[in-house]
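The values are calculated or read from the model by the stated rules, or taken from the named source; none is laboratory data. Predicted model, so just to flag it, every value in this text is computed and none were measured. Positions of Cβ are generated from backbone atoms using ideal geometry, with glycine treated the same way; all protein chains shown enter the neighbour counts. With ligands, DNA and RNA removed, areas are computed over all heavy atoms of the protein, side chains included. Shrake-Rupley method; radii C 1.70, N 1.55, O 1.52, S 1.80 Å.
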Amino acid sequence: MRGKMNLIVAVDENWAIGYKNELLIRIPADMKMFRQETTGKVVVLGRKTLETFPGGKPLKDRTNIILSREADYRTEGALVAHSVEELLEMLKPYNSSEIYVIGGESIYRQLLPYCNTAHVTKIDRSYSADTWFPSLDKDPQWKVTAESDEQSYFDTTYRFVKYERIR
């Protein structure tokens, strides 16, 4: 299982991912790519990320697994794991290539060692932020293996970048 999962994240120039429990910007094409990539798959996320979803409800048409240290945490329509070990056990029946870590910051940091593909939407600007993703550009274990042409959304440019862990 180790080193097989995917992660998906949108970052600004400083690898910031959020501010006050919100995404930095909502780009429709990024949301569409996220849906295409994760629909019918398993998404792993934290409780605070779940609370930012519409109605605080799990994502439709996906198996949602919440990683939360709160021992009695439960939520309708999702599985809950209380430790990384418990999570890895729960994920065993699933094909690791169908598992996507989707945030937030502490979940990404805990599960990065178990991922080998990162789908990163890189936004060419810098935002006020209070949560960050570790820079894969500065990590010698990761390399860019695919990159889209520059896209734009109003005055914001961005691109989709695929990173893979170098074995």
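Of note:
- Note on segment 74-90: residues that are under 25 Å from residue 32 (Cα atoms) and open to solvent by less than 50 Å² (accessible area, probe 1.4 Å) total 1.
- Residue check, residue 32 at pLDDT 95 or above, of a type outside the set (Asp, Glu), under 15 Å from residue 120 (Cα atoms) and exposed (fewer than 12 other Cβ atoms within 10 Å of the Cβ): yes
This table checks each residue for (1) without any contact (Cβ under 8 Å) to a residue 40 or more places away in the chain; (2) surrounded by 12 or more Cβ atoms within 10 Å (Cβ to Cβ); (3) under 16 Å from the mean Cα position of the chain (by Cα).
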{"site": "50", "(1), (2), (3)": "yes, yes, yes"}
{"site": "58", "(1), (2), (3)": "yes, yes, yes"}
{"site": "61", "(1), (2), (3)": "yes, no, no"}
{"site": "64", "(1), (2), (3)": "yes, yes, yes"}
{"site": "72", "(1), (2), (3)": "yes, no, no"}
{"site": "94", "(1), (2), (3)": "no, yes, no"}
{"site": "110", "(1), (2), (3)": "no, yes, yes"}
